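What follows is a short report on a single structure.
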Amino acid sequence: MKKVILVTLAAIILLGIIIVSKSVGVYNTIISLDEGVKAQWAQVENTYQRRFDLIPNIVATVQGEADFEKSTLTAVVDARSHMGGIVKVDNEMLGDEVAMKRFQESQATLGNALQRLMVVTENYPNLKSNAAFQDLRIELEGSENRIAVERMKYNEVVKEYNTTIRQFPNSIIAGFAGASPKVQFSADAGASSAPQVKFDTK
């Protein structure tokens, strides 16, 4: 009888060790994935900030054209000022669908205004032959491409994170750890593709 009790006790202890070990492993995985999401979000912010910082130079160059369409230029300036000075958001927003949607909409507004501005500049030979403006145009195009790439990478790491915390028994550990799903970028027309800012330089 005593032997049976000891064997049972040993089995319970072993099972407890296995469960604790598995739980610690899952917890560490969740933390690692969460940090990965934050790191990739920082990359997204950096690419948006890079575009944001280009705008004053683009505006200053375009303003040199005396008869340039002011409404188009005003739309870019207004969209930029509406966003504030720094493209930096709280990590809590990553789990807030409404806040993420608002962020996407403001970025899409700015992106669309920039796209219209670049299209309009095709009608101004002086801008098309301006080396400084051409450099800015290329930088803007590069920024838009980087935004699209980093956004895609962000969606990938968020998908991995969300899948991990929703799987059983990971979901139990995630609940204790306070881990909740993150919001991905939605594939809407304003935010899913980089604006085409190329134009003929001949």
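The values are calculated or read from the model by the stated rules, or taken from the named source; none is laboratory data. Bear in mind that the values here come from a model prediction, so they are computed numbers and not experimental data. Accessible surface is based on the protein model in full, side chains and every heavy atom, while ligands, DNA and RNA are left aside. Shrake-Rupley method; radii C 1.70, N 1.55, O 1.52, S 1.80 Å.
Note that segment 1-49 shows a convex hull volume over its alpha carbon atoms of 24 Å³ per residue.
Calculated on the alpha-carbon coordinates, the convex hull of segment 58-99 measures out at 82 cubic angstrom per residue. Ordered from largest to smallest accessible area (heavy atoms of protein chains, 1.4 Å probe), the residues K159, K38 come out as K159, K38. Tell me the Kirkwood radius of segment 1-82: reciprocal of the mean inverse pair distance over distinct alpha-carbon atoms, in Å. Averaging 1/r across every pair of different Cα atoms and inverting gives 18.5 Å. Residues in the chain average 58 Å² of solvent-accessible surface per residue, probe 1.4 Å, ligands and nucleic acids excluded.
Taking Cα atoms of the chain, Rg/Rh with Kirkwood Rh, to two decimals?
Working: Rg = 25.1 Å, Rh = 20.0 Å.
Rounded to two decimals, Rg over Rh is 1.26.
Seen against the Cα atoms of the chain and their longest principal axis, helix 70-83 is set at about 30 degrees. What percentage of the solvent-accessible surface of the chain, computed with a 1.4 Å probe over protein heavy atoms, is contributed by carbon and sulfur atoms? Answer for the chain is 57 percent, counting heavy atoms of protein chains only. The value for segment 63-127 of Rg(Cα) / (2.2 N^0.38 Å) is 1.40. For Y27, the solvent-accessible surface with a 1.4 Å probe is about 100 Å², rounded to the nearest 10.
Counting lysine pairs in the chain whose alpha carbons fall under 16 angstrom apart, excluding pairs fewer than 8 residues apart on the same chain, gives 10. Residues considered: E65, E45, E150. Largest GNM mean-square fluctuation over the chain, using C-alpha springs under 10 Å, is found at E65. On C-alpha positions alone, give me the angle between the axis of helix 131-166 and the longest principal axis of the chain, in degrees, nearest 10. The two axes meet at around 20 degrees. Each principal axis of the Cα cloud of segment 118-178 was taken in turn, and the coordinate range along them, longest first, works out to 64, 17, 15 Å. The Kirkwood radius of segment 79-167, taken over pairs of alpha-carbon atoms, gives through the Stokes-Einstein law at 10 °C and 1.306 mPa s a diffusion coefficient of 101 µm² s⁻¹.
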